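Remarks on the structure that follows.
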Amino acid sequence: MKYISLLVVAGAVFFGACKNGNNAPKTSKELLEQARQNMNSGAGKFSIDAPAGWRKTDTTLNGIKLTFLFAPTETDGFRSNINVVSENVGKLSFEDYHKATLATMGKYMSNFKVLESGDKEISGQPGKWFKYSSDQTGGADVIARNYTVVKNGIAYIITGVAKVKDEAGITPVIENTVATFKVAE
């Protein structure tokens, strides 16, 4: 659960901090409070199918509503997972939101590195994805794949996280799961 909490807090921090320019707060508590103001706008407005054998859980962690999909087994005490959070993007274009997200992740996540990136249609909408590592995801030993789509002013962020040594087997599972994601009209 330690990794999961760190990822959700990190996610809340960088998504919520995207819109705040030079007025970004300094403490983790302030960052979380700030993030909560824009988070959760798409909660209950999407569906995603859990891979066979994975457990699906809707929960709230640190005030952020999210859907978790947990792998059936652990590797070295870590359970691969996929999570979905949402955020109101306000007046930002999808491109500006994506750029701000990357900039903020680089600012608030130590040793943040984008390893790959690209465009990807998600739920019939243009989307973006990137693979990254950071100390918050477990350093070089754990990677995360972030997929984002914006619909009706709400960003839906799907993040798959796995140990590097499980990446070859988990990446297709993450990709297939992202393909089941749908936003309710």
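A few remarks follow.
- Label separation (K182 vs D58): 1.6 nm, computed from points 7 Å beyond Cα along the C-beta direction.
- Net charge of Cβ neighbours under 15 Å - reference T67; Lys, Arg +1; Asp, Glu -1: +2
- Shown in residue order for region 113-121 are the 3J(HN,Hα) couplings computed by the Karplus curve 6.51 cos²θ - 1.76 cosθ + 1.60 at θ = phi - 60°: 9, 7, 9, 7, 7, x, 9, 7, 6 Hz (x for Gly and Pro).
- Label-point gap, in nm, between D96 and Q125 - each point 7 angstrom along Cα→Cβ: 1.7 nm
- Fraction of accessible area attributable to carbon and sulfur, region 51-112 (%, probe 1.4 Å): 48 percent
- For region 56-101, the pair-distance distribution built from all alpha carbon pairs, in bins 5 Å wide starting at 0, is 5, 17, 18, 15, 18, 14, 8, 4, 1 percent.
- Under-5 Å amide H pairs with G42, H placed in peptide plane, nonlocal only: S86, E87
The values are calculated or read from the model by the stated rules, or taken from the named source; none is laboratory data. Computed from a prediction, not measured in an experiment: that's the story for all the values here. A quick note on method: Cβ atoms are made from the backbone with ideal geometry, for glycine too, and the neighbour counts reach across all protein chains shown. We work out accessible area using only protein heavy atoms, side chains counted, and drop any ligands, DNA or RNA first. Shrake-Rupley method; radii C 1.70, N 1.55, O 1.52, S 1.80 Å.
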